[in-house]
Ligand code: LER
Ligand code: MN
């Protein structure tokens, strides 16, 4: 397991994007702190100079384990479950447009809030059916490039569809594509899961990516989550991917990024000597 941290390629309203601002300065800082990867939040691949981005990650020796896509919902309202079929199609097309980007980094595509929210007049059954169709279309489009998609169960206060790991696993069965799995986030799990370690274990090989923040959404170590126990459960599933820091920039972004790696490194070294 390796450590990465979330970085937005554009200005964003999302509060827990751990770092934002000048890409190059941030990548230099991330690498100098000892992170091996950077998770990139990209609203629209059309708006990003991919060659420059690939060059920057190479320059600082950073892998890109995952691409975040939630800004397409936050900032443009694109959603897999909107009653307007044009908006649903635009959301599917947007996620498909991330496939070449993800392939060039060997990254997973994160399905966060682009799943949408239940809108008035839409039943949960209808929303789930639209969600399933969209995920099948995107997973099938990603398969030839060897790209995987990871849906993140998001807590009930931020999202009305797929809040828990159990709901995520039901959706995986409905979608029926083996390049579709879950992204688990300790902040959301602390709100929704009765026992975080048990849910990690149940999800097993369907864990395609992992976010860490503490109970208060500050850096790990600033709240009351038991990271040694959670990461031990994660290691026991055979997960060998990245653990990605996604927390509030508190007390400031640089301190949070430094404290997170200072607190997690000893835990990981004990687990994987
Ligand atoms: C994104 O990874 C996340 O955790 C959500 O809170 C997005 O709103
Ligand atoms: Mn997350």
Members of region 180-203 found to be away from ligand 2 (no atom under 11 Å from the Cβ), out of contact with any helix residue (DSSP H, G or I) (no Cβ under 9 Å at 6 or more places or on another chain) and either assigned to a helix (DSSP H, G or I) or at positive phi (or both), listed by number: 191
Candidate set from region 67-87 (those that are crowded, with 21+ Cβ neighbours inside 10 Å and outside any loop (DSSP other than H, G, I, E, B)); member that is nearest to ligand 2 (Cβ to nearest atom): 68
Filter result (at negative phi, away from ligand 2 (no atom under 16 Å from the Cβ) and surrounded by fewer than 20 Cβ atoms within 10 Å (Cβ to Cβ)) within region 204-232: 205, 206, 224, 226, 228, 229, 232
Filtered residue count, region 256-273, keeping only those that are loosely packed, with under 11 Cβ neighbours inside 10 Å and either touching a strand residue (DSSP E or B) at 6+ places or on another chain (Cβ under 6 Å) or farther than 19 Å from residue 238 by Cβ (or both): 1
Every residue from region 99-115 that is within 15 Å of ligand 1 (Cβ to nearest atom) and within 25 Å of residue 54 (Cβ to Cβ): 107, 108, 109, 110, 111, 112, 114
Residue within region 180-193 that is buried (at least 19 other Cβ atoms within 10 Å of the Cβ) and away from ligand 1 (no atom under 16 Å from the Cβ) present: yes
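Every number in this text was worked out from the coordinates using simple rules, so none of it is lab data. The model shown is predicted, which means the values in this text are computed figures rather than measured ones. Positions of Cβ are generated from backbone atoms using ideal geometry, with glycine treated the same way; all protein chains shown enter the neighbour counts.
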